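Okay, so here's the structure we're looking at.
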């Protein structure tokens, strides 16, 4: 009992070392691939629906497809927002996206407590600033931070840390991540679908 209590106290201590740039960049690449796969699936599904709609209404499928190919400002905004929402949900409810789980890194608050939805949203939206110039903005901020914090982390008061094998029992369960991940990709997919549906209306 005493040993368990000491481990819990140690797990809640403020982090002193942050994860480096390499694993974090690798995690983002994996998450970006997931985001693009979602977009491909949504686009393919809407394409099938367009063909069915044209068949049922005797409309010209080519005309609808041409409108489907157009892009607008809102298409980009909703797609970027979907990527940020995916990160917000995964990190706010579990502390990690699929990419971060693969690279064994985790997001926590500066005091060692779990990342909140608010903090997850702030750091996720700030990612688009940090990613400028192929991540040079984030890299510069991390080099000037003892905790390897990019600007989004500083504003959200979060730290990305490595998942230590010594206190791994305290990380959220895999089943919880699965539920959170499904919610996150669904939200991302809905925003992707909305961005594509707007092409048919505008």
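The values are calculated or read from the model by the stated rules, or taken from the named source; none is laboratory data. Treat the numbers as computed from the prediction; the structure is a model and nothing was measured. For neighbour counting, all protein chains shown are included, and Cβ atoms are generated from backbone atoms with ideal geometry for every residue, glycine included.
For the structure I just gave you, tell me whether residue 139 is more than 12 Å from the chain's Cα centre (by Cα), modelled with pLDDT of 95 or more and either crowded, with 16+ Cβ neighbours inside 10 Å or assigned to a helix (DSSP H, G or I) (or both). For residue 139, the condition - more than 12 Å from the chain's Cα centre (by Cα), modelled with pLDDT of 95 or more and either crowded, with 16+ Cβ neighbours inside 10 Å or assigned to a helix (DSSP H, G or I) (or both) - is not met. Residues that are at pLDDT 75 or above number at least 1 in the following helices (runs of 4 or more DSSP H) confined to region 1-106: 21-57, 73-93, 98-102. Over 20 Å from residue 92 (Cα atoms) and surrounded by fewer than 18 Cβ atoms within 10 Å (Cβ to Cβ): does that describe residue 131? It is true that residue 131 is over 20 Å from residue 92 (Cα atoms) and surrounded by fewer than 18 Cβ atoms within 10 Å (Cβ to Cβ). One residue stands out in region 147-166 among those that are at pLDDT 90 or above and in a loop (DSSP other than H, G, I, E, B): the one that is nearest to residue 114 (Cα to Cα), namely 157.
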